[in-house]
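Structure record follows, encoded as C-alpha cells.
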C-alpha cells in the first residue's frame with residue numbers, strides 16, 4: 001500500500017513537473033524576446049563549438065559522396081518534377097513583367113559591353129573563332145552558298161517575265177543551262193580558293209567583327225520589351241527544352257564520367273577545407289552569425305505560432321519530454337536509488 005502510494009506520489013510529481021517543463025518550453029519559444037535570446041544562445045554555442053571542429057572531423061568524404069550520389073544520381077527525375085519545372089517555365093514565359101520591362105532595364109548596356117569585352121578577350125574565344133574560320137566545314141559552307149546562288153539565278157531566269165530585257169535574260173540562261181555543271185564546278189573551285197583566302201586574311205579581325213556585331217544587335221533591341229523574345233522562342237520551344245534537358249540529365253548522371261567528376265569535386269573540397277574549422281568554412285561560404293540569427297528569426301516565430309494554434313507544439317514537446325518523466329532515471333533522481 002505504501003509502495004503504491006509512493007508510486008502514485010512520484011507519478012503525480014512527474015506529471016506536474018512535465019506540465020511545468022512543457023509550459024516553460026512553450027513560453028521560451030513563443031515569446032519573441034525569449035525566443036530571440038534562445039536563438040542567440042544556440043547560434044553562439046554552435047559557432048563556439050564549430051571553431052574547434054573541422055570539416056573532416058565532422059563528416060567523412062565518403063559520407064558526403066553518398067549523399068551527393070543519392071540526390072544527384074539515385075533520386076528519380078520523373079513524375080511531378082519535370083511537370084512542375086515545365087509549368088513554372090510556362091508561367092515565367094507568360095508573365096506580364098516580360099511585357100512591362102525593356103531589355104535595357106534588365107541588363108544595363110554598359111554592363112553588357114563589359115561582359116562582351118571580357119568574353120572577347122578570353123583565350124578560348126580566340127581559339128574557337130580560329131577553329132571555325134580555319135575549318136574545312138566553313139569553307140564548304142561558303143562554296144555551297146555561292147553554288148546555290150548560281151543555280152537559283154539560273155532557275156529564276158528560266159521563269160522570267162515579259163519584256164525585251166527579260167526575254168534576252170531568259171535566252172542567255174537557256175544557253176547557260178547545258179553548261180551549268182561545268183559552271184558549278186568552276187564556281188566551286190574559285191569560291192573555295194577565295195573563301196580560304198578571305199577567311200585566312202580576316203581571321204585577325206574576326207573577334208572585333210563579332211564583338212561589333214554583338215554590340216550592334218544589343219543596342220538595336222535594348223528598347224524592346226523582354227517579351228519580344230517570344231517572336232523567336234515559342235512556348236512549345238520552352239517545353240521542348242525542358243523535356244530535352246531532363247532526358248539528357250537522366251542519362252548523363254548515370255555515366256561513369258559524371259560519377260568521376262562528382263567524386264573529384266568532393267575530394268577537392270575535402271583536400272582544401274578538410275582541416276578548416278567549420279566556422280571558417282561558413283565564413284568562406286558567406287554565411288555569418290548575423291545571417292543564421294536573421295533566418296531563424298524570419299521563419300521561427302511564425303512557424304511556432306502556427307504550430308501552437310493547431311495544438312501541435314504542445315503535442316511534440318510532451319512527446320519528447322514525457323518519456324523522461326516516466327522513466328526510472330527521473331524517479332531515482334527524485335527519490336534516490338533503491
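Read-outs throughout are calculated quantities, based only on the coordinates presented, and are distinct from any laboratory measurement. What you are looking at is a predicted structure, and each value in this text was computed from that prediction instead of being measured. Don't worry about glycine lacking a Cβ; one is built from the backbone with ideal geometry, like all the others, and counts go over all protein chains shown.
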Look at residue 274 and say whether it is surrounded by 14 or more Cβ atoms within 10 Å (Cβ to Cβ) and in contact with a helix residue (DSSP H, G or I) (Cβ under 9 Å, 6 or more places away or on another chain). yes
Here the qualifying pairs (Cβ atoms under 7 Å; residues six or more apart or on different chains; first in the range 98-120 and without any contact (Cβ under 8 Å) to a residue 60 or more places away in the chain; second surrounded by 13 or more Cβ atoms within 10 Å (Cβ to Cβ) and in a helix (DSSP H, G or I)) come out as 119/125
Checking residue 248 against (1) touching a residue at least 24 places away in the same chain (Cβ under 8 Å); (2) in a helix (DSSP H, G or I), the condition it does not meet: (1)
Looking at 283, 260, 225, 235, which one is touching a strand residue (DSSP E or B) at 6+ places or on another chain (Cβ under 7 Å) and over 30 Å from residue 18 (Cα atoms)? 225
When you scan the range 10-22, do you find a residue that is in contact (Cβ under 8 Å) with a residue 60 or more places away in the chain, closer than 23 Å to residue 283 by Cα and surrounded by 16 or more Cβ atoms within 10 Å (Cβ to Cβ), even just one? no
Helices (runs of 4 or more DSSP H) (entirely within the range 34-96) containing at least 2 residues that are farther than 30 Å from residue 284 by Cβ: 80-93
